[in-house]
Amino acid sequence: MAFEALELDRVHTGSAVDVLSTLPSKCVNTVVTSPPYFGHRKYTGEFDSVDEVGREESVGDYVQRLVKIFEEVRRVLRDDGTLWLNLGDTYRANQLLGVPWRVALALQDDGWLLRSDIIWHKPNAMPSSVKTRPTTDDEYLFLFAKSEKYRYFQDAIREPHKTFGADSKMKGGRNHFGKRGGTPEAGKNGGDSNLHDGRWDQAFHPLGRNRRTVWSVPLSKFRGAHFAVFPEALISPCILAGSQVGDVVLDPFIGSGTTGLVALRHNRHFIGVELVEEYAEIARNRTSVVQVEGLGN
């Protein structure tokens, strides 16, 4: 189906299931999203909405609701597509519920392939007055695939080699690079003849090392927006690893529009869904600025 028929680069108002049901199957390349967390904030104002995710009576109901929504997400995702899902946890009755992993395992049981669990470390997390446990400064970001043959653009999100970085403990640093017998600091990889007799320019990719599973990304602020704003630095690697220029990125819980904004800046298209009209309008305003500048062309 032609892209024009998908109404790309738009934020649609409505529940995720209702809007997704209007989309054709296999029309998006990757999904980057963060649903409202269970039992946290109420986004629909003074009037309750039966469509609002996160207001369920039990964590089990919350999990099952997300499973149903992501069944529809899977339908609109291409067979080689990926899902990047950010979730935070919740405390109830003085115990941690383990919501992210409950959802991840339920999605796995429903047919999604769980490929990675990424820790989002927040270096500027809010301080806490809690005295009976450590202060939380992380959330989960799960990578799912629809099928075993999925696209993952590893080179697009490589990170610098620590061995040759400013914080390296290797004696000689880059002086070892490209030399036979160049070895790491004393004791590291000891006894590994392949490394000790190898060339470092062959052992280390020139674009950097493969991305690790702990991402340190500060919380973001956007005046006048949604309580929870997706940091652009958290979304960018997901979009770059899961799509190419001209591809379509879906966020069924787009909130203030950061996923769409980042997609356009990386010359991708996006489809956004937001239940609350106030936030949908904020998202439209933010993404329209990028479109006017021509960065999404």
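Read the figures in this text as sums done on the coordinates, not as results from a lab. Computed from a predicted structure; not experimentally measured.
Observations
- Convex hull per residue volume in Å³, alpha carbons only, for region 96-167: 150 Å³
- Our note on the geometry: Cα centres of region 74-137 and region 255-277, 21 Å apart.
- Pairs with C-alpha atoms separated by more than 27 Å, drawn from the list K68/K146; K122/K162; K68/K149; K131/K162, are K131/K162.
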